[in-house]
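As structure tokens, the structure follows; a few thoughts come after it.
The values are calculated or read from the model by the stated rules, or taken from the named source; none is laboratory data. Treat the numbers as computed from the prediction; the structure is a model and nothing was measured. Reconstructed Cβ throughout: ideal geometry from the backbone, glycine too, with neighbour counts over all protein chains shown.
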Amino acid sequence: MPTLCRLPRLRTQPTTSMIQAISRTGVRLLLTLLILCFATGCTSDRERRIPGEPTRVVVWDFGGVPGHQEWIKGAVERFNAGRDDIEIELEIRDWATQRESLISSTIIGAGPDIIRCHHKYSVEFGELGGLLPMERFADWPEVKARIFPNVLEHVKYNGQHYGVPVTMLPFVLAVNTDIMARYDLDVPTTWEGMLEAGRILKEYDLQAFTMPAGLNLDTAYRFLPLLYGAGGRVFNHDWTQAGFNGPAGKAALEFLVRMKDEGYMPAASAAYAFDENAAHWSTEKAAMSIEGPWWQDTVLGDFGFDTDKLALAQVPMPATAYEDNPRGVLLDVVMVAITGYTPVAEEAWTVLKALNVDDPVWQQPNPKMGGIPTQLAAYAPGVESPYIDLDELAESARRGIGWPGHPAITQVQRHIADAVNLAMSGVMTPADALDQAAVEVNEVLSDY
């Protein structure tokens with residue numbers, strides 16, 4: 001991973017990005033001072049140890065499908081019932097509020113001891129000191145040995161791991177097999193095959209493909225599998241410039257715009273977020289969508305879709321790569337981490353292991369959990385799973401490429417989503433939209 005400077009470089013003339021960078025640096029300084037304050041015991045209002053009472057460990061669980069939420073509530077109840085020395089206080093929070101919640105809670109000094117969140121925060125908050133490196137715990141090597149090595153790289157920064165990856169979210173192509181069989185179509189493996197399927201299905205007032213393309217991060221997450229499949233990358237090789245506006249990125253966005261303009265995607269897709277897209281696919285108006293291991297439980301539980309008609313396949317790629325990077329698909333990871341300001345680190349580690357390492361739920365892939373486990377034991381011979389096409393999910397995970405572990409990756413994702421939306425709305429050409437986003441991203445990168 002390229003070395004990232006903690007402080008932004010100064011320029012001779014003040015610019016908007018410079019002011020933003022100074023603001024970010026001020027937040028970092030404040031966070032650092034607060035973390036030092038917590039470490040030296042100046043946070044009596046956060047006292048977790050009270051004589052004669054169990055040590056309180058606060059867990060913030062961001063997001064999670066209903067099955068995950070049901071599991072963690074039960075797991076916490078079982079833990080609390082079986083221990084008299086530690087008591088877990090669980091708070092389930094909205095997935096979309098992770099970054100803002102973590103920053104604000106750290107500033108006011110009333111944050112959690114354990115968080116379940118996106119792996120990208122291992123870099124941003126690991127850099128700030130807001131997360132503890134797992135290497136501080138003596139039995140971390142034993143825990144690490146139970147997890148796929150390539151997935152551990154997603155929570156690693158400057159040689160240390162700032163969380164335990166618990167679920168993998170490999171992106172795949174969700175296919176309505178009934179639609180495909182009705183019109184004698186094979187599942188396409190290339191963009192060219194997608195266009196041909198679109199041409200045929202349009203004759204029957206159906207769309208071949210649907211995806212979120214609105215002003216939301218769901219859009220960036222559907223664009224990236226196509227970018228990676230075309231050989232593209234988010235940044236250049238040393239992470240100093242945007243790379244998503246290269247030949248692969250422009251080809252991927254041109255492909256999506258063509259799919260929409262030809263009528264092979266919903267006309268309203270530029271206004272879709274996840275829910276609108278799921279509803280469109282589940283009501284059988286489109287045959288395919290780029291999704292992940294959460295899809296099976298979502299379409300069944302939220303829309304009553306008959307999952308006998310669901311199949312998973314690899315995300316189609318262009319017949320020929322547009323850039324020389326190894327081709328792959330997006331892999332996301334959910335991690336559990338311990339905050340850098342917790343006053344009860346050892347107790348938090350005990351809780352983390354009990355809930356997120358030793359619990360049997362992590363030894364069997366279960367679609368109700370919204371992702372596939374990161375532990376090797378879950379894929380041992382003889383392990384059975386109700387997942388549809390688990391082999392396709394595993395293959396996608398094997399080929400998976402994550403978002404770059406850069407502290408500003410959330411800003412980058414938003415700029416990419418904006419570019420895709422502008423092109424899909426017809427406001428700008430794909431090339432112009434991506435180039436404009438690249439200018440903004442380059443300003444962000446120049447601050448590191």
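Values as computed for the structure displayed
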read-out	value
Single unsatisfied condition, L102 versus (1) modelled with pLDDT under 95; (2) over 18 Å from the mean Cα position of the chain (by Cα); (3) of a type outside the set (V, I, T)	(2)
Within region 311-327, considering residues that are among the aliphatic types (A, V, I, L, M) and in contact with a strand residue (DSSP E or B) (Cβ under 9 Å, 6 or more places away or on another chain), the one nearest to G292 (Cα to Cα)	L312
Selection status of K368, of a type in the set (D, E, K, R) and touching a Phe, Trp or Tyr at 6+ places or on another chain (Cβ under 8 Å)	yes
So V357, is it within 14 Å of W71 (Cβ to Cβ) and either surrounded by fewer than 23 Cβ atoms within 10 Å (Cβ to Cβ) or out of contact with any helix residue (DSSP H, G or I) (no Cβ under 9 Å at 6 or more places or on another chain) (or both)	no
Residue count for region 146-189, restricted to those that are in a loop (DSSP other than H, G, I, E, B), within 21 Å of the chain's Cα centre (by Cα) and more than 25 Å from A348 (Cβ to Cβ)	1
Close pairs (7 angstrom Cβ cut-off, 6 or more residues apart or separate chains): over 10 Å from I86 (Cα atoms) in region 40-59, modelled with pLDDT under 85 anywhere	T43/C37; T43/G109; R46/G109; R46/A110
Positions within region 69-89 being under 20 Å from the mean Cα position of the chain (by Cα) and either of a type in the set (F, W, Y) or over 17 Å from A337 (Cα atoms) (or both), in sequence order	Q69
Residues that are within 27 Å of Q364 (Cα to Cα) and free of Cβ contacts under 8 Å to residues at least 60 places away in the same chain, drawn from region 154-168	H161
Selection count where residues are more than 24 Å from A397 (Cα to Cα) and crowded, with 21+ Cβ neighbours inside 10 Å, scope region 216-245	2
Failed criterion for A174 (all others in (1) buried (at least 18 other Cβ atoms within 10 Å of the Cβ); (2) out of contact with any strand residue (DSSP E or B) (no Cβ under 8 Å at 6 or more places or on another chain); (3) farther than 17 Å from R398 by Cα hold)	(2)
In region 70-90, the residues that are crowded, with 17+ Cβ neighbours inside 10 Å and either without any contact (Cβ under 8 Å) to a residue 24 or more places away in the chain or of a type in the set (A, V, I, L, M) (or both)	I72, A75, V76, I86, I88, L90
In region 91-141, residue nearest to L445 (Cα to Cα) [restricted to those that are among the β-branched types (V, I, T) and free of Cβ contacts under 8 Å to residues at least 40 places away in the same chain]	T97
Matching helices (runs of 4 or more DSSP H) fully within region 374-448 where at least 1 residues are in the same structural domain as Y228 (by TED's automatic domain parsing) and β-branched (V, I, T)	409-424, 430-445
Residues of region 213-245 satisfying the condition of being in contact (Cβ under 8 Å) with a residue 24 or more places away in the chain, part of a loop (DSSP other than H, G, I, E, B) and either in contact with a Lys or Arg (Cβ under 8 Å, 6 or more places away or on another chain) or closer than 17 Å to T190 by Cα (or both)	A213, A230, G231, G232, F244
Residues of region 396-427 satisfying the condition of being modelled with pLDDT of 95 or more and surrounded by fewer than 17 Cβ atoms within 10 Å (Cβ to Cβ)	G426, V427
Y272 of a type in the set (S, T, Y) and over 25 Å from G63 (Cβ atoms)	no
Selection from region 52-68 of residues that are touching a strand residue (DSSP E or B) at 6+ places or on another chain (Cβ under 6 Å) and closer than 25 Å to P165 by Cβ	V57, V58, V59, W60, D61, F62
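Residue-wise test of (1) of a type outside the set (S, T, Y); (2) out of contact with any Gly (no Cβ under 7 Å at 6 or more places or on another chain); (3) surrounded by fewer than 18 Cβ atoms within 10 Å (Cβ to Cβ).
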{"site": "V315", "(1), (2), (3)": "yes, no, no"}
{"site": "A319", "(1), (2), (3)": "yes, yes, yes"}
{"site": "T342", "(1), (2), (3)": "no, yes, no"}
{"site": "E346", "(1), (2), (3)": "yes, yes, yes"}
{"site": "W349", "(1), (2), (3)": "yes, yes, no"}
{"site": "Q375", "(1), (2), (3)": "yes, yes, no"}
{"site": "P386", "(1), (2), (3)": "yes, yes, yes"}
{"site": "L393", "(1), (2), (3)": "yes, yes, no"}
